[in-house]
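What follows is calculated from the coordinates using simple rules that are stated; it is not laboratory data. Only a predicted model underlies this, so the values are computations on that prediction, with no experimental measurement involved. Reconstructed Cβ throughout: ideal geometry from the backbone, glycine too, with neighbour counts over all protein chains shown.
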Amino acid sequence: LAQVWGKPAAFMDFMHPMDLDCKRLPFPTLTGEKLQDIELKPHSLVFPTPLLKMPHELHLGSAPDYVQKDGDRTRVTLPIYCRAEVLPLAADTECFLIATQNCRGWGQGGDGLTVSSGVNRTDFTFRSGVFQGFPRVTRQGSPMLRSLEWNELSMVLSETLASYWINGMLVASCKLEPGEVPAAELYLGLTSYSTAYRVRGFDVSRDPAVLQRVCTLQEMRQLGVFKEKVVTCTAQWDESKSEVCISCANLAGEHLAKFQALQAYMPLQSFRRLLMQELKLTRHHDVRLVLQDGTLLTEGQDEKPLCTVLALELSGA
């Protein structure tokens, strides 16, 4: 169900946070497990327990603190990405993801923000208050569900922004007003209106590749989304060839990597990517480059050439 446009899948694994692209949506890593599915009757809700098999959560190595068991439901803290597979059972089936605090459905005073998908209609997208309100939406596409087939429905949500996809195709995004998201801690699940359908593979994630649609890089850093890797860079200049040699070490001074004969006018961003590949780091890491004098090389310098950001004089290092 993952979708990739124009870039090989492996490209996503060696990207600095400033390069993140959410056109490839994350999905659970399953090793032969058979997914259990649930049938939703008309006018009902279900709050499946997340699989916690998403690549980012598996990379963490411990239970995420933004997912908490609460009785027979699971409460999550925003921002969050969620996804599920839905099986429409008829030619007029509609399926909805829901983010709610009071866990009530339509006609019961429900406070949930929903996203809509259907086999034969595309007129609704985001609704607040369980179908009562209409957030301000920017539509990006009008995909429909395939009847009697498993489809992926996914959403990324913060307290102020949201986007959602059907089968990896971006449907709509919205800027949320106060009250349209009921709380910062919510229950995520699915709901139905007048038609039944089946659900499986529900999961949640803070994968930065998709979270960056609703969060800034600084916000993701504050959330601790990335594993920070600080690298000290020492450069030498070969004037005769206009080339740079860069040695990299960790904070303890231990050698990490050495790059010979780099073009002096290579953008810093390109060097970051080379370093991430050499160190086998992924998009889950945040590489912070530091000079010997303690100067931090920021993302705002990424388009500048190495000879500038490393403060090399053309006459020598």
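Straightening the chain between K175 and Q263 buys 27.4 nm, computed as 0.36 nm per residue apart minus the Cα-Cα spacing. Label-to-label distance, K53 versus R73, with points set 7 angstrom from Cα along the beta-carbon direction: 2.5 nm.
The angle between the Cα long axis of helix 268-278 and the longest principal axis of the Cα atoms of the chain comes to about 80 degrees, rounded to the nearest 10. Given their separation in residues at 0.36 nm each and the Cα-Cα distance between them, A183 and L251 gain 20.5 nm when the chain is fully extended.
Counting only C-alpha contacts under 8 Å and six or more residues apart, can you give the relative contact order of the chain as a whole percent?
On the way: 723 pairs, mean separation 69.3, N = 317.
Relative contact order for the chain comes out at 22 percent.
Looking at (1) 147; (2) 262; (3) 171, which value of volume of the Cα convex hull per residue in Å³ comes from a calculation on the structure shown? Working out volume of the Cα convex hull per residue in Å³ from the coordinates points to (1). Report the FRET efficiency, 1/(1 + (r/R0)^6), for S194 and E149, where r is their Cβ-Cβ distance and R0 is 22 Å, rounded to 0.05. The calculated FRET efficiency here is 0.60.
Amide H contacts of L161: L176, each under 5 Å away and 5 or more positions distant or on a separate chain (H built 1.01 Å from N in the peptide plane; Pro and chain starts excluded). Relative contact order of segment 38-170, taken over Cα pairs closer than 8 Å and 6 or more residues apart, is 22 percent.
Taking every DSSP beta bridge that has both ends in the chain, the antiparallel portion is near 90%.
Label-to-label distance, T160 versus Q277, with points set 7 angstrom from Cα along the beta-carbon direction: 3.7 nm.
A crude spin-label estimate for the pair S242 and F134, with each label 7 Å from Cα along the Cβ direction, gives 5.9 nm.
Taking segment 267-303 and a reference point 7 angstrom along Cα→Cβ of T216, the backbone N atoms nearer than 15 Å belong to 299-300.
Per DSSP H run of at least 4 residues, take -39500 (n - 2.57); add these up for the chain, divide by its residues and hand me the 222 nm value, nearest 500 deg cm²/dmol.
-2500 deg cm²/dmol
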